[in-house]
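Input: a single structure, listed below in structure tokens.
The values are calculated or read from the model by the stated rules, or taken from the named source; none is laboratory data. Since this is a predicted model, take the numbers as computed values, not measurements. As a convention, Cβ positions derive from the backbone with ideal geometry for all residues, glycine included, and neighbour counts pool all protein chains shown. SASA here: full protein model, heavy atoms, side chains in, ligands and nucleic acids out. Shrake-Rupley method; radii C 1.70, N 1.55, O 1.52, S 1.80 Å.
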Amino acid sequence: MDYQSLTDTAVLAGEIMLKNNAETYRCEETITHMLEAQKPGRAEAVVLTTSIVVTASDRDMHPITVVRRIKNRDTNLNRICRVNEISRRFCAGALTLNETREELMSVSRERIYRPYLVNLCLVMVSIFYTMLLGGNAIDCLNAAVCGVLMAAMTYGGSRIGLRPFIRDFCICAAIAVCACAVGRFLPVPVHLDLIIIATMMPMMPGVAVTNAARDTLQGDYMSGGARMLEAFVKALAIALGVGLGLGICGLFGWEVLL
Amino acid sequence: MILQIIGAFVSVLCFSIILEVPRKYLLYTSATGSLGWLIYLVVLRVENSTIMGSLISAIVVALLSNILARSRKAPVTTFFVPGILPIVPGVGMFRVVYYMLEKDFEAVKSYLFETFMIAGAIALAIFLIDSIFLLFLRFDRRRAKAGKGK
């Protein structure tokens with residue numbers, strides 16, 4: 001048994017999961033299951049929100065240790081699903097080590113939806129979330145304009161490699177100003193609050209809150225706490241951005257009525 | 001109200017695409033999300049409490065996503081994260097910022113409280129439902145082991 005490549009493969013699986021915002025305990029479980037399926041003497045995995053440490057050892061060999069540092073994370077549920085499925089098949093013995101490795105490599109770059117569809121969906125979320133909150137047709141129209149701005153800024157921000165905090169802050173400020181400006185030119189009064197809320201929704205830290213709760217429940221307080229902080233910081237960026245945007249509208253003398 | 005449910009369905013569908021939910025699960029996530037929002041609206045009409053509405057609807061969403069995850073053999077997150085989108089307390093957060101600028105600190109206090117309570121309600125729902133399912137899982141495993149022993 002080639003323990004070196006086994007450990008590398010297991011860590012690769014964990015790395016893909018963590019990079020795509022899976023819960024930390026799930027990464028730990030996946031790595032441990034994959035190692036234990038081949039029965040080395042002892043296998044331990046420690047996963048934190050930003051790093052992975054894995055050690056495998058047996059009686060007649062030196063322990064192998066692999067450390068990975070995860071720098072940036074983004075949510076991609078498809079990849080989490082796929083890695084989960086591959087590790088299941090590997091543990092059941094349906095895949096060899098090399099096949100598993102190749103499959104994992106292809107999953108790590110896999111995208112199932114084209115970029116234009118994702119951008120279109122960012123706009124659609126703004127429109128239909130306004131509808132969900134009970135806005136009328138004119139509100140949806142205004143939200144569509146803000147949604148286009150938001151999608152364009154998200155795209156631009158990721159192109160020039162802005163930090164998520166600054167990016168969310170700028171986007172929220174821009175959509176608040178945009179909603180007010182468009183609202184002024186429309187002949188009928190609009191529900192500005194609904195429009196701004198709907199447009200900022202894709203940036204809300206829903207994933208972070210969910211992961212924080214689930215990690216804490218599993219007894220992983222360190223990762224749970226880190227995720228909670230992440231959720232707070234994200235919410236803070238949005239709140240500050242919207243605050244700045246509304247403040248600018250106030251300076252121009254545009255009334256913000258709820 | 002029907003329009004709002006349709007809005008929930010489509011927005012959860014689009015949000016699922018942004019998060020790259022596999023194609024075969026898209027219908028499940030949108031159905032879960034819109035059902036959650038329907039329950040929220042119903043509870044809101046009966047009880048007139050956003051916190052209670054969020055709690056009950058989050059419990060239903062968590063329950064559904066656990067059942068779906070069990071039967072489709074996919075991680076629970078795949079169904080839960082998009083499904084919870086309508087309940088994420090964006091409204092409360094916006095109101096906090098708005099009243100902060102208006103210097104109405106009583107309103108800030110009450111909306112801040114509401115926002116935290118809704119986030120807490122979502123966490124509580126996950127705790128509750130996941131614990132129950134973990135219990136089932138352990139029970140299943142023990143039974144499987146006992147079966148093999150015989």
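Numbers for the structure displayed
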item: Positions within region A:146-189 being basic (Lys, Arg), at pLDDT below 90 and either open to solvent by less than 40 Å² (accessible area, probe 1.4 Å) or assigned to a helix (DSSP H, G or I) (or both), in sequence order; result: A:ARG159, A:ARG184
item: In region A:69-84, residue nearest to the other protein chains (Cβ to nearest Cβ) [restricted to those that are over 13 Å from the mean Cα position of the chain (by Cα) and touching a residue at least 24 places away in the same chain (Cβ under 8 Å)]; result: A:ASN84
item: Residues that are open to solvent by less than 50 Å² (accessible area, probe 1.4 Å) and within 21 Å of A:LEU194 (Cβ to Cβ), drawn from region B:47-59; result: B:SER49, B:THR50, B:ILE51, B:GLY53, B:SER54, B:SER57
item: Identity of the residue in region B:92-125, in contact (Cβ under 8 Å) with a residue 40 or more places away in the chain and surrounded by fewer than 20 Cβ atoms within 10 Å (Cβ to Cβ), that ends up nearest to the other protein chains (Cβ to nearest Cβ); result: B:LEU124
item: Cβ-Cβ under 7 Å pairs, at least 6 apart or on other chains, region B:19-33 side on the phi > 0 side of the Ramachandran plot and within 9 Å of another protein chain (Cβ to nearest Cβ), far side surrounded by fewer than 22 Cβ atoms within 10 Å (Cβ to Cβ) and part of a helix (DSSP H, G or I); result: B:GLU20/A:ASN78
item: Any hit, region A:218-231, residues being under 17 Å from B:VAL96 (Cα atoms), more than 7 Å from every other protein chain (Cβ to nearest Cβ) and not aliphatic (A, V, I, L, M); result: no
item: The listed residue being open to solvent by less than 60 Å² (accessible area, probe 1.4 Å), outside any helix (DSSP H, G or I) and within 22 Å of A:GLU85 (Cα to Cα), out of B:ALA74, B:ALA62; result: B:ALA74
item: Residues within region A:108-145 that are more than 7 Å from chain B (Cβ to nearest Cβ) and either in a helix (DSSP H, G or I) or open to solvent by less than 30 Å² (accessible area, probe 1.4 Å) (or both), tallied; result: 18
item: Condition check for A:SER87: buried (at least 21 other Cβ atoms within 10 Å of the Cβ) and either more than 7 Å from chain B (Cβ to nearest Cβ) or among the hydrophobic types (A, V, I, L, M, F, W, C) (or both); result: yes
